[in-house]
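Participant: Take a look at the following structure, please.
The values are calculated or read from the model by the stated rules, or taken from the named source; none is laboratory data. None of these values were measured; they are calculated from a predicted model. Don't worry about glycine lacking a Cβ; one is built from the backbone with ideal geometry, like all the others, and counts go over all protein chains shown. Note: accessible area is taken over every heavy atom of the protein model, side chains too, but ligands, DNA and RNA are not part of it. Shrake-Rupley method; radii C 1.70, N 1.55, O 1.52, S 1.80 Å.
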Amino acid sequence: MPNFTIKNANLYYSDFQALKDINLNINDKNITTFIGPSGCGKSSFLRCLNRMNDLVDGARVTGKFLLGNDETDIYKISDVSELRKRVGMVFQKPNPFPMTIYDNITYGAKMHGIKDKKKLDDIVEKSLRDVAIWEEVKDRLKKSALGLSGGQQQRLCIARTIAIEPEVLLMDEPTSALDPISTIKIEDLVGNLKKDYTIVMVTHNMQQASRLGGHTAFFLNGEIIEYSKTSLLFSNPKEKQTEDYITGRFG
Amino acid sequence: MTKGVSNTFKKRNVNLTETIAKIFFLVCSLVSALTLFIIIYFIFTNGVPAMFQVGFLDFITGRTWAPEHNYAPQFGMLPMLYASLISTFFAFIIGSRIGKWCAIYLAFFCPKKIYKPLKTMIELLGGIPSVIYGFFGVAVIVPFLRNNFPGFGNSLLAVIIILSMMVLPTVINLSEAALRSVPKHFFEGALALGSTKTEAIFEIVTPAARAGINGAFVLGIGRAVGETMAVIMVAGNVSQMPGSISEFFSTSIFFAPVRTMTTGIALEMSYASGLHRDTLFGIGVILFTIIIILNISLTILNRNETNYAKES
């Protein structure tokens with residue numbers, strides 16, 4: 001059952017067309033990975049899904065982006081804040097705010113109206129447990145988040161995002177700035193999170209995409225060339241270009 | 001073949017030029033550091049003995065400045081200390097707020113079309129000689145105060161107004177640089193959690209720029225404490241201060257003429273001699289100490305902050 005349905009989406013940066021006629025059903029409680037060479041539009045597309053492109057001067061999006069069971073068109077929502085509560089995002093570089101671990105987690109929750117101290121404490125513990133970092137940080141919740149290692153910071157950023165209980169979790173190459181061990185930890189974590197969240201992840205790393213499973217879309221020059229079950233896409237690609245890319249002939 | 005090519009180049013004496021360059025740059029930086037020590041040396045050797053000759057406490061807490069009195073000259077600098085501190089305090093309160101908000105506007109909200117002219121004007125404001133600020137004070141601020149408030153216009157309030165204006169360029173330019181150097185991913189991270197632009201800027205980006213903004217504030221305070229020329233022209237230059245606590249907390253202090261430490265030195269240095277001259281150096285010692293305290297407190301204040309402006 002699709003959680004996010006995208007129909008005939010186009011993205012323009014001034015005169016340049018970055019995405020061409022994208023049609024995609026992103027499945028609920030599943031993981032969908034986007035692969036493709038640099039500049040193919042996969043990150044740009046991800047940023048269309050929570051309207052992060054609104055920030056870019058001259059960016060223009062057409063088409064329908066229908067979110068959730070109520071099929072809200074996200075480009076018709078007047079309050080972007082409401083959309084971004086439903087569609088959270090984790091970035092390439094871990095970006096915890098320069099404040100305490102506790103404040104990092106509660107920042108979003110407070111903004112979305114939770115004031116009760118007890119409730120906030122519970123949210124902090126639950127989200128840090130969900131990202132399997134609670135035991136490591138429970139004694140230094142009041143210390144600066146910038147003192148954590150890169151991998152811990154990235155898990156904190158995921159915790160911060162799920163603390164506001166989004167429906168969809170967007171991840172823009174979340175492990176590309178991390179060491180291999182932290183990368184595996186994040187991958188394990190993402191594997192667990194897909195039980196509760198719809199996860200959309202951009203990755204440069206094809207092994208990562210195949211390890212994570214779910215569905216995969218292959219982007220090239222602003223188009224989706226192929227979209228299918230991950231195992232199928234890697235073992236038996238239908239398109240010549242997909243095959244060339246995954247066998248390393250270009251990209 | 002290859003051999004022939006390599007022989008056409010002369011061997012360079014790389015080590016010698018590297019060493020000469022290193023020494024040259026070292027000397028250049030030593031000159032600036034040395035200047036500081038020379039200044040400290042001469043101010044302190046002239047000023048400190050005079051302070052103790054007068055009596056350190058009498059010098060700091062004395063309320064009467066009558067250096068040329070024939071029988072019993074008095075060297076109480078407290079009114080000047082008071083005037084410097086209180087004018088700087090209020091100028092800082094006003095100038096730092098306006099400056100910070102202006103910097104936030106320039107860094108995040110200003111449309112491109114307005115940015116260039118606005119930025120140019122602010123930079124120009126920073127380049128105006130202080131005597132010109134003084135003219136503005138004499139021509140506009142002082143008459144305005146004289147016509148609308150008690151007193152003659154030359155007053156603490158005039159000093160505060162002119163100093164608030166003078167700290168603006170320093171505070172704005174440095175704060176803006178600090179705000180711009182905050183990595184963009186903090187801003188995006190806040191937006192992704194559902195912050196509005198204004199929330200992201202005020203709750204995440206501005207606190208992240210705290211170290212740089214504190215630096216801007218301290219330089220602004222330094223400018224206000226040290227300003228001389230513009231202050232001379234509007235202050236009234238009477239070495240006096242409120243006589244009682246109740247007077248201190250009344251608004252009348254703003255309309256009374258004052259003399260700050262810097263103006264005290266500048267006004268009298270040309271004719272002072274003997275002990276009088278040395279006590280002026282003593283005032284310089286106090287001024288210098290204030291600046292040092294300011295810089296140390298900045299270091300303490302920023303101990304736990306990341307200065308992105310310095311990192312990048």
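Participant: So how far apart, in nm, are the two label points at B:Leu301 and A:Leu232 if each is 7 Å from Cα heading toward Cβ?
Facilitator: 6.3 nm
Participant: Between B:Met229 and B:Phe202, what length comes free when the chain is fully extended (0.36 nm per residue of separation minus the Cα-Cα distance, one decimal in nm)?
Facilitator: Result: 6.1 nm gained on full extension.
Participant: Packing-wise, with mean Cβ within 10 Å as the measure, how do A:122-129, A:10-17 rank, highest first?
Facilitator: A:122-129, A:10-17
Participant: Do the sum for the protein assembly as shown: with -39,500 (n - 2.57) for every DSSP H run of n ≥ 4, divided by all residues, what is the mean residue ellipticity at 222 nm, to the nearest 500 deg cm²/dmol?
Facilitator: Numbers: 26 runs with 306 residues, N = 563.
For the protein assembly as shown, the value works out to -17000 deg cm²/dmol.
Participant: With each pseudo-label sitting 7 Å past Cα toward Cβ, what's the B:Thr120-B:Val48 distance in nm, one decimal?
Facilitator: Inter-label distance under the simple model: 5.1 nm.
Participant: Okay, next question. If you place +1 on the Cβ of every Lys and Arg, -1 on the Cβ of every Asp and Glu, and leave all else neutral, what size is the dipole of the range B:65-311 about its Cα centre, to the nearest 20 Debye?
Facilitator: Its charge dipole is roughly 700 debye.
Participant: Expressed in nm to one decimal, what extension gain is obtained for the pair B:Ala66 and B:Cys28 from 0.36 nm per residue of sequence separation less their Cα-Cα distance?
Facilitator: Details: separation 38, 0.36 × 38 = 13.68 nm, distance 4.37 nm.
Extra length available between B:Ala66 and B:Cys28 comes to 9.3 nm.
Participant: Tell me, what ³J(HN,Hα) does each residue in the range B:246-251 have, in order and in whole Hz, if you take phi through Karplus 6.51 cos²θ - 1.76 cosθ + 1.60 with θ = phi - 60° and put x for Gly and Pro?
Facilitator: 5, 5, 4, 8, 9, 6
Participant: Ranked highest first by average number of other Cβ atoms within 10 Å, how do B:169-181, A:211-223 line up?
Facilitator: Highest-to-lowest ranking by the protection proxy: B:169-181, A:211-223.
Participant: Using a Gaussian network for chain A with springs between C-alpha atoms less than 10 Å apart, which of these wobbles most: A:Ile35, A:Ile74, A:Ile162?
Facilitator: Residue with maximal mean-square fluctuation among A:Ile35, A:Ile74, A:Ile162: A:Ile74.
Participant: Whose amide H sits under 5 Å from the amide H of B:Val238, counting only residues 5 or more places off or on another chain, with H placed in the peptide plane?
Facilitator: B:Val258, B:Arg259
Participant: Over 30 Å between C-alpha atoms is what I'm after, so list which of A:Lys76/A:Lys238; B:Lys116/B:Lys197; B:Lys22/B:Lys119; A:Lys76/A:Lys240 land there.
Facilitator: Long pairs (Cα-Cα over 30 Å): A:Lys76/A:Lys238; B:Lys22/B:Lys119; A:Lys76/A:Lys240.
Participant: Next question. In a shell of Cβ-Cβ distance under 14 Å around B:Glu268, excluding B:Glu268 itself, what net charge do Lys and Arg (+1) and Asp and Glu (-1) give?
Facilitator: On the way: positive: B:Arg259, B:Arg277; negative: B:Glu68, B:Asp278.
Neighbour charge sum, excluding B:Glu268 itself: 0.
Participant: Moving on. Projected onto the charge dipole of the protein assembly as shown (+1 at Lys/Arg Cβ, -1 at Asp/Glu Cβ, origin at the Cα centre), which of B:Ile60, B:Leu106, A:Ser14 gives the Cα projection farthest towards the positive end?
Facilitator: Highest projection toward the positive end goes to A:Ser14.
Participant: If you don't mind, there's one more thing I want to ask. Long-range amide H contacts for A:Thr33: which residues qualify at under 5 Å (H placed 1.01 Å from N, peptide plane, sequence gap of 5 or more or a different chain)?
Facilitator: A:Met201, A:His215, A:Thr216, A:Ala217
Participant: Next up: How do A:Glu135, A:Glu173 rank by accessible surface area computed with a 1.4 Å probe, from largest to smallest?
Facilitator: The ranking, largest first, comes out as A:Glu135, A:Glu173.
Participant: Another one. Sort out for me the Cα centre separation of the range A:52-96 from the range A:106-150, rounded to whole Å.
Facilitator: Spelled out, the Cα-based centre of one part sits 25 Å from the other.
Participant: Taking square-rooted eigenvalues a ≥ b ≥ c of the alpha carbon gyration tensor, is the range B:2-54 rounded, prolate or oblate, where a/c under 1.5 means rounded and, failing that, a/b exceeding b/c means prolate?
Facilitator: Judged from the Cα gyration tensor, the range B:2-54 comes out prolate (a/c at least 1.5, a/b above b/c).
Participant: Hey, another quick one. Looking at the range A:2-246, send over the antiparallel percent of its DSSP beta bridges, to the nearest 5.
Facilitator: Expressed as a percentage, antiparallel bridges in the range A:2-246 total about 60.
Participant: Decide, for chain B, between rounded, prolate and oblate: order the square roots of the alpha carbon gyration tensor eigenvalues as a ≥ b ≥ c, take rounded if a/c falls under 1.5, and otherwise choose prolate if a/b is larger than b/c, else oblate.
Facilitator: Working: a/c = 2.36, a/b = 1.36, b/c = 1.74.
Judged from the Cα gyration tensor, chain B comes out oblate (a/c at least 1.5, b/c at or above a/b).
Participant: Take each of the peptides B:10-23, B:115-128, average the number of other beta-carbon atoms within 10 Å over its residues, and list them starting from the highest.
Facilitator: On the way: B:10-23: 8.7, B:115-128: 12.6.
Descending mean neighbour count gives B:115-128, B:10-23.
Participant: Turning to a different aspect of this structure: May I ask what percent, to the nearest 5, of DSSP beta bridges between residues of the protein assembly as shown are antiparallel?
Facilitator: Of the beta bridges lying entirely in the protein assembly as shown, close to 60 percent run antiparallel.
Participant: What does the charge count near A:Ile77 come to, summing +1 for each Lys or Arg and -1 for each Asp or Glu among other residues with Cβ under 14 Å from its Cβ?
Facilitator: Values: positive: A:Arg51, A:Lys64, A:Lys76, A:Arg84, A:Lys85, A:Arg86; negative: A:Asp54, A:Asp70, A:Glu71, A:Asp73, A:Asp79, A:Glu82, A:Glu167.
Around A:Ile77, the charge tally is -1.
Participant: Just to verify a number: FRET efficiency for B:Met269 and B:Arg146, C-beta to C-beta distance, R0 = 30 Å, to 0.05? List each step's numbers first, then the result.
Facilitator: Numbers: r = 29 Å, r/R0 = 0.96.
Rounded to the nearest 0.05, the efficiency is 0.55.
Participant: If you don't mind, there's one more thing I want to ask. Hey, can you find the accessible area per residue of the protein assembly as shown for me, probe 1.4 Å, expressed in square angstrom?
Facilitator: Result: 50 Å² of accessible area for each residue.
Participant: Let me know the charge dipole size of the range A:183-251 about its Cα centre in debye, to the nearest 20, where only the beta-carbon of Lys, Arg (+1) and Asp, Glu (-1) is charged.
Facilitator: Here the range A:183-251 has a charge dipole of around 160 debye.
Participant: Residue by residue through A:149-162, how many Cβ atoms from other chains fall within 10 Å of the Cβ on average?
Facilitator: Values: counts 0, 0, 0, 0, 0, 0, 0, 0, 4, 0, 0, 3, 3, 0.
Taking the mean over all residues of the peptide, I get 1.
Participant: Search the structure for amide H atoms under 5 Å from the amide H of A:Gly68, placed 1.01 Å from N in the peptide plane, and list their residues when 5 or more places away or on another chain.
Facilitator: Hits under the 5 Å cutoff: A:Phe4, A:Thr5.
Participant: So if we plug the beta-carbon distance of A:Phe250 and B:Ile292 into 1/(1 + (r/R0)^6) with R0 = 41 Å, what FRET efficiency do we get, rounded to 0.05? Show your work: numbers first, answer last.
Facilitator: Details: r = 63 Å, r/R0 = 1.53.
The calculated FRET efficiency here is 0.05.
Participant: Now, a different point. Tell me which DSSP H helices of chain B clear both cut-offs, 30 Å or more of axial length from alpha-carbon atoms and a mean Kyte-Doolittle hydropathy of at least -1.0.
Facilitator: B:14-54, B:78-104, B:156-180, B:274-301
Participant: Counting only other chains, and only Cβ atoms inside 10 Å, what mean value do you get across the residues of B:191-204?
Facilitator: Mean number of neighbouring Cβ atoms from other chains: 6.
Participant: Only Cα pairs within less than 10 Å get springs; with that Gaussian network setup on chain B, which residue of B:Ile300, B:Ile201, B:Ile104 has the largest fluctuation?
Facilitator: Between B:Ile300, B:Ile201, B:Ile104, it is B:Ile300 that shows the largest mean-square fluctuation.
Participant: Averaged across A:47-60, how many Cβ atoms of other chains sit within 10 Å of each residue's Cβ atom?
Facilitator: The mean count of partner-chain Cβ atoms within 10 Å per residue comes to 1.
Participant: Using the Cα centre of chain A as origin and beta-carbon charges of +1 (Lys, Arg) and -1 (Asp, Glu), tell me which of A:Gly58, A:Gly39, A:Gly88 is placed farthest towards the positive end of the dipole.
Facilitator: A:Gly88
Participant: If one computes the Cα centroid of the range B:197-242 and of the range B:12-83, what distance in Å separates the two points?
Facilitator: Rounded to whole Å, the Cα centres lie 23 Å apart.
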